[in-house]
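> Take a look at the following structure, please.
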Amino acid sequence: MLRNPTADSRADTPRDFRFLLVGALAIVALGLSISGIHGELNGASFWSTLFAPDRSDLHQVLVRDSLLPRVVMTLLCGSALGLAGTLAQQVLRNPLAEPMTLGIFPGAYLALMVAELWAPSLLAGGRTAVALAGGALAMGCVFGLAWRQRMSSLAVILSGMIVNMYCGAIALAITMSHFDLLRGLMIWGGGALDQTGWQESRQVLWGVLACLVATVLLRRPLGVFEAGDSTVQGLGIALQRTRFAALLIAVVLTACVVSAVGVIGFVGLAAPTLARLAGARRLRQRLVWAPALGAVLLWATDEIVRVIASGELFSAHLIPTGTVTSLLGVPLLLVLLPRLRTQPDLHSAAVAQAVPVRLRRRLPWALVALVVVLALCFGVSRGLDGWAIVDRASLDALMFWRLPHTVAALAAGVLLAIAGTLIQRVTANPMASPDLIGVSSGGALGIVAVLFLGLTPSPAALFVGCLGGAMVTLALLLWLGARASFAPERFLLIGVAVSALFQAIVSALLASGDSRAGLLMNFVVGSTYYVQPPAAYAAGAIALIALVLGPLMSRWLETLGLGPAMAGSLGVPVVRARVGILVLASVLTAASTLIVGPLSFVGLIAPHVARYSGARRPGTQMIVAAIFGALLMGFAEWLGRQLMFPEEMPAGLVATLIGGPYLIVLTLRKSVSST
């Protein structure tokens, strides 16, 4: 039987439904907007309200100076983030790149927080300059960290994650100590699109138009980036300058948004990915359709939020639109994800290893440091009379309290370090960390459910809620991952989407003004204060089991680093190996979340420290990473008890604050290509 090649080619060609997707979102948003404006006008003429409003009629004033500017601002911000995400993903060749990766959002937010508390005079002329300065400084740190690595894709992403997490940790520490004073800023930080006129919309419009002109001028060299760095240089294009210019445009776009309305999450990631999945294969097409998708996605989300907020159930709570964008974008992304055919350009840098010439020199010092930390945890303390060395009688009296907390911290460090090593190895992605697979966020959501469903927040209830959330998330990830055949790049993207969804829910609750938000923050920042002895010792037992099971998977991890085809030819069951490794990593992450909250920085830093120390083989890297993870978490737990005595600073937060500079120093000293 003869086959029709034309029919076969049509069957193999992915369907193009860009118009359908954008049109459907636009129809939903337009319908809700028209309904809201019609209800607010109360019978008045729309055109007279637009061009000749009656200033004595409050309804017309609200429509012309609040509702309509809000729609315009939403479209401008969505398109700006969509364009910024497209530029970042193009020059970094990574579908995980987005404006948040560049550090501009947390940098601007931290700058505004500092100015709000200690330099309010800087805000007298508006927050735009402060937000731009903070975002530019954070972006400068990212460029500074990545400059010695010649602004490579991986260097920029890893540096952006370091700056992002460190700025977020500092902001979280400030928020904990000034929660009531910063509640208004937290609402703005969640992405508040409410408008009181047209001035800010005009400012954002001019910024977006300027960036659009610059993008058009760069479109030809940007289109070559998909072929790789060597091809770009071979064609005579200035690789570093072009990448820097594109990222600078993305920074300006994001800064325009954050200075006007605050932090708008997920749109910069979702819009370019959805545009590609919907049929925009070429860069020229994505430069048009990603901003369009970002605009209608944010517009539809904002209209849904406005309708929900006007209802009786949620009328007493503020719902920032920026924290809810994931609720609409994530389902769309997960539905279209099986169509994704591109892969992040991370494999070559991920599989390279450090030269193990210094491992024997550094490992004994790490063990000595761990012993010193244990001595500090049990022997040195700060009391009402200042610092003192604990005597034998006092130690016996306090052992029942210090021992479980110390065991919990050490166990959490080991669990996160091994989980981070497993995830980075199996995904061939050195920027991966346990939070990227979403299990930590699922555990945090379980805590949220216990607190906000009227249940008594007892330790047992919180334990069960966190365990349930983590396990449900794990099941969801495995189900969605099976649909994508557990391809590393798709599984990571699924984890990012699920994590963004859960984090959006938690952020919306924190910014809602609910009195329980402060209690929730104490649980999600990583404190061992509420850990009961049975849970601490159980975590210690799981950590010991992980130290045995993790190295047993070394052969799988080492073979998978050669690529799926080579691993299969060497007799490794690729799919089953990936599933087994990811299940173990997820279980370890869930167990650590039950102890110290959704902490992720240790899972990122410990594998890097181990690799920089010379741990070349996967099994050795896991053991060395576990030592550094325990060292970092143990010291963080002790320091957290002393810094704000008699109050306690969460160990997870302290670990981020003290671990960030060390990772930055290592990043400056070592080239990413050598890791």
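> In which sequence would ILE237, ILE581, ILE264 go, from the one with the fewest C-beta neighbours within 10 Å to the one with the most?
Arranged by neighbour count, lowest to highest, ILE237, ILE581, ILE264 become ILE237, ILE581, ILE264.
> Which FRET efficiency value, to the nearest 0.05, do you get for TRP479 and ARG219 by plugging their Cβ-Cβ distance into 1/(1 + (r/R0)^6) with R0 = 51 Å?
0.80
> Which one, THR49, SER35, VAL22, projects farthest toward the positive side of the charge dipole computed for the stretch 7-96 from Cβ point charges (K/R +1, D/E -1)?
Value computed over the given set: VAL22.
> All other residues with a Cβ under 14 Å from the Cβ of VAL373 taken together, and with Lys, Arg as +1 and Asp, Glu as -1, what is their net charge?
Net charge around VAL373: +1.
> What's the exposure ranking of THR321, THR593, going from fewest to most Cβ atoms within 10 Å?
THR321, THR593
> In addition: Based on the mean of other Cβ atoms within 10 Å per residue, sort peptides 215-222, 82-89, 300-307 so the most packed one is first.
82-89, 300-307, 215-222
Values quoted throughout were computed directly from the atomic coordinates according to the rules given, and no laboratory measurement underlies them. As the structure is a computational prediction, the values presented were derived from the model and not from experiment. Here Cβ is always computed from backbone atoms with ideal geometry, including for glycine, and neighbour counts include all displayed protein chains.
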